[in-house]
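The values are calculated or read from the model by the stated rules, or taken from the named source; none is laboratory data. From a predicted model like this one, the values you see are computed outputs, not experimental measurements. A quick note on method: Cβ atoms are made from the backbone with ideal geometry, for glycine too, and the neighbour counts reach across all protein chains shown.
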Amino acid sequence: MGLNAALTVPTTAQRPRDNGHALVGSRCGQCGAVSFPARAVCHRCGTPAPAEHTFATTGVLLTYTTVHVPRPGLPAPYTLGQVALDDTGPTVFGQVRMNGAEPAAGMAVRVRIGADGETPRYWFEPDRFAG
């Protein structure tokens, strides 16, 4: 099987990003590399069509910043952050909704998936069950 197998994978826009409860990406069967969103070809070893994979719904906030410029669906100020998903998941970038708490690097967070058509589709919140 050559790279032609990657041509049969749905386009990036057609690949699922969540299953309604967790983020969905890809995991390579050859080298174990994970990606979000899913890829047609493994970014580490070049294997075509990595398997679809559902990631953990918890992770750790690595970095964050507060944005003071509004955008459609996100009134300012809002927080964006990088989250390392648990269970050797990928690092994912997205909105962090603190719900009155202060963000901190190393903070446990949980993935939340919005309703169809909601902006943003997913975000992170402090994990009140951690620790």
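List of remarks:
- Contacts under 7 angstrom Cβ, first residue in the stretch 71-100 being closer than 24 Å to Ala33 by Cβ and modelled with pLDDT under 95, partner of a type in the set (Gly, Ala, Ser) and outside any strand (DSSP E or B), 6 or more apart: Asp87/Ala56; Gly89/Ala56
- Counting only residues that are over 14 Å from Arg121 (Cα atoms) and modelled with pLDDT of 85 or more, the stretch 1-35 holds 11 of them.
- Any hit, the stretch 39-56, residues being of a type in the set (D, E, K, R) and either touching a Cys at 6+ places or on another chain (Cβ under 7 Å) or surrounded by 17 or more Cβ atoms within 10 Å (Cβ to Cβ) (or both): yes
- Taken over the stretch 48-91, residues that are among the hydroxyl-bearing types (Ser, Thr, Tyr) and not in a strand (DSSP E or B) amount to 2.
- Residue match in the stretch 107-127 (condition: out of contact with any Ser or Thr (no Cβ under 7 Å at 6 or more places or on another chain), more than 14 Å from Arg17 (Cβ to Cβ), exposed (fewer than 15 other Cβ atoms within 10 Å of the Cβ) and touching a residue at least 24 places away in the same chain (Cβ under 8 Å)): no
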